[in-house]
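The values are calculated or read from the model by the stated rules, or taken from the named source; none is laboratory data. Predicted model only: the values in this text are computed from it and were never measured. Here the Cβ positions follow ideal geometry from the backbone for every residue, glycine too, while neighbour counts run over all protein chains shown.
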């Protein structure tokens with residue numbers, strides 16, 4: 001595994017955490033997101049990240065929401081599905097405001 005990816009991964013060499021969105025649809029008092037409320041990760045950057053993760057043996061992807069809501073990315077479901085099809089276990093954190101019975105992926109129901 002290359003040294004940069006090792007630093008990004010941190011405590012485990014099979015887990016990586018990325019942020020799909022720097023935007024949030026809530027304004028929670030305890031959250032510092034308002035200091036950095038911009039940007040959605042492009043498809044090109046996400047695809048390149050997943051390819052590098054696969055080459056590095058990453059087995060788990062955590063979509064963080066520490067500075068943004070991942071479901072604000074228009075294709076967040078497709079990104080999760082693609083990662084899962086590649087054999088990567090996906091975890092994500094959400095405020096839940098954009099989840100409903102129509103939007104939740106059937107494949108995710110086993111992981112909720």
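This table checks each residue for (1) within 21 Å of residue 82 (Cβ to Cβ); (2) under 16 Å from the mean Cα position of the chain (by Cα); (3) at pLDDT below 85; (4) assigned to a loop (DSSP other than H, G, I, E, B).
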site	(1), (2), (3), (4)
11	no, no, yes, yes
31	no, no, yes, yes
35	no, no, yes, no
61	yes, yes, no, no
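Here's a check for you: in region 81-112, which residue that is assigned to a helix (DSSP H, G or I) and at pLDDT 90 or above is farthest from residue 67 (Cα to Cα)?
Of everything passing the filter in region 81-112, 85 is farthest from residue 67 (Cα to Cα).
Which one of 42, 6, 21 is loosely packed, with under 11 Cβ neighbours inside 10 Å and either on the phi < 0 side of the Ramachandran plot or at pLDDT 85 or above (or both)?
Going through 42, 6, 21 in turn, just one is loosely packed, with under 11 Cβ neighbours inside 10 Å and either on the phi < 0 side of the Ramachandran plot or at pLDDT 85 or above (or both): 42.
Considering only residues that are assigned to a loop (DSSP other than H, G, I, E, B) and in contact with a strand residue (DSSP E or B) (Cβ under 6 Å, 6 or more places away or on another chain), which ones fall in region 37-58?
Within region 37-58, 58 is the sole residue that qualifies.
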